[in-house]
Structure formats: C-alpha cells, structure tokens
Amino acid sequence: MHIKELIREPPYEFATLRLEHDVDNPSGTYNAIWDISLCNDGTELSFNASFWNNEYAPLSLSGNTVYTKDIRADGDITADGKITIGNKFIVNEEGDVGIGTIAPETELHIHDGVIKLDGTTPAWTSSPWRPRIVMPTGSSWTTTNVLQGEDYKIGIGMAQTGWYFIEGKENGDVRYPFRVGLDGYVHAGAVEIRVASWPDYVFEPEYDLKPIEELEKYINENNHLPDVPTEAEVLENGLNLGETDALLLKKIEELTLYITEVSEL
C-alpha cells in the first residue's frame, strides 16, 4: 500500500489524500483505492473507496452528523442525536420512531404502511397461536380521525371482562355498542342475521303438511318435533341462529295450519 497523491483541485474546497493498493486476483490484478477528503474550513471529513473497479458509498462527517449509505454493526449503535435513513425512517432525539415518515407524532408512527408479523414460536405453551401483540388491559385500537358524517371515532378496547367495541367523541363521551365477554356472552343492541331462505312455503297449497295423527306418533316415538335437532345434537354442535329461527317459524306456521283445520271441524 502506498500514498499515491495529494489532490487539491480548484476551488480548493477539499484536500484529498489518495491511498492505493494493488491486489492480485486469479482473473487479473486490481487496485483498491481509498480517498480521504477534508473540507478546506475543517467542517467536513469524507471517505470514499473503490475496490476491484466497484465504487462504494462514501462516509461523510459534518459537524455532529454522519452521512453514509449502509450501516452494519455486530454490536451497539449509539447516538446522542437523531438517526435518519433517507426520508423513510427516523429515531429522533425523544426516542420516537418514524417509519415512512421523518416526523413521527407518537412513540411509533407508521405512515402508509402495513405491519406484518410471522413466526413459528407459540405465543403460549401448548398453544397453536404464533406471533402476538402484547398490550395491557385497558388498551385500545382506535381510528385516527372521526368517521365521515359523524362526530366520533371507533375502536376496540380490551378490559378484564372482555372486548369492547368503542364509539368515542372528542369531548370524552364513550359508549360501547357491542361487547364480547370472557364469560362467552355477546352483548349488543341488535343482531341482524342473513338467511338463504324463509319458510313462507308452508302456506303454499302444495305444501305437504303431516297429518296430525302422524305428528302425534312421531312425537311419542322421538320426543321432539320433526326436523328439529335433538337435545344431544344441540349440546354437541350448538345452534345456527339463522337456521333455528327459520325452523321455529316453520313450526309456528304448521301449528297455525293445524289450528285452522281444527276450527273448521
């Protein structure tokens, strides 16, 4: 390795010290060049390197700021000021982290981005759940702005008693239109269930209504109404609310037809 030259070019803003080292390679001889440049007023120091005809990004020091393209560290990186990568990432002096923005408004601010979690380590012992977000009870996820045409934000809160769907106004008023309790209960003002069909067909003239004698025989033999699941089936499989409501209406309509037949006797 040798000092090749000292470069001072007009207007003499930088003085550059060039180091050069020839390297033998099976495909030929290449040189490695290092340039160390010092600003004329002593405010900036930069390093440039070229290896095997490939140029590498420079490292510059200006005042208390370090400029470079890539940083790789096997240990700690410590800074008394902010750390910025382009205009997409920052850790500012307060410790706030911005991703997609260099002006974070909270401790972690992600602008126009997606959070992706993956992994294979179970969140709990003997649990199929993998990555998880850990937050204390009393925490919530909320929208950043009020809903269009409304005066409240919405969110989901976690409490000791379950999950709460939140409507919160700017004045501090909060209500909970929907809650899923840890006791297995769902609390809501109303529930709308979509169904594929509705048993109005019972009142069609061609509907095959079971004779009441056959109905009585079926009940005596099976201890439940036709088409209605048994107690054992419900306890094992639970209920589909939409299907059950339709089935109950069907039985009410059949009962109405039986009453009509009796009244005509």
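Hey, which lysines would be in cross-link range of residue 210, C-alpha to C-alpha under 23 Å, not counting anything within fewer than 8 residues on its own chain?
Within the straight-line cut-off, residue 210 pairs with 250, 251.
Explain nothing, just compute: Karplus ³J(HN,Hα) = 6.51 cos²θ - 1.76 cosθ + 1.60, θ = phi - 60°, for every residue of region 226-234 in order, whole Hz, x for Gly and Pro.
Karplus-based 3J(HN,Hα) across region 226-234 equals x, 6, 8, x, 6, 4, 4, 5, 5 Hz.
Cα gyration tensor of region 199-263, axes a ≥ b ≥ c as square roots of the eigenvalues: rounded (a/c below 1.5), prolate (a/b > b/c) or oblate?
The shape class here is oblate.
Around residue 169, with a cut-off of 15 angstrom between Cβ atoms, what is the net charge of the other residues, counting Lys and Arg +1 and Asp and Glu -1?
Net charge in that neighbourhood comes out at -3.
Please work out how much length the chain gains when fully extended from residue 118 to residue 208, using 0.36 nm per residue of separation minus the C-alpha to C-alpha distance, in nm with one decimal.
26.8 nm
State the Cα centre-to-centre distance between region 249-265 and region 69-148 in whole Å.
Cα centres, region 249-265 to region 69-148: 65 Å.
How high is the relative contact order of region 140-188, in percent, with contacts defined as C-alpha pairs under 8 Å that are six or more residues apart?
That works out to 25 percent.
Once you have the Cα-Cα distance between residue 32 and residue 192, take 0.36 nm times their residue separation minus that, and quote the gain in nm to one decimal.
50.3 nm
Every read-out reported here was derived from the displayed coordinates using simple, explicitly stated rules and does not represent laboratory data. Predicted, not measured: the structure shown is a model, and the values here were computed from it. No Cβ is skipped: glycine too gets one built from the backbone with ideal geometry, and neighbour counts run over all protein chains shown.
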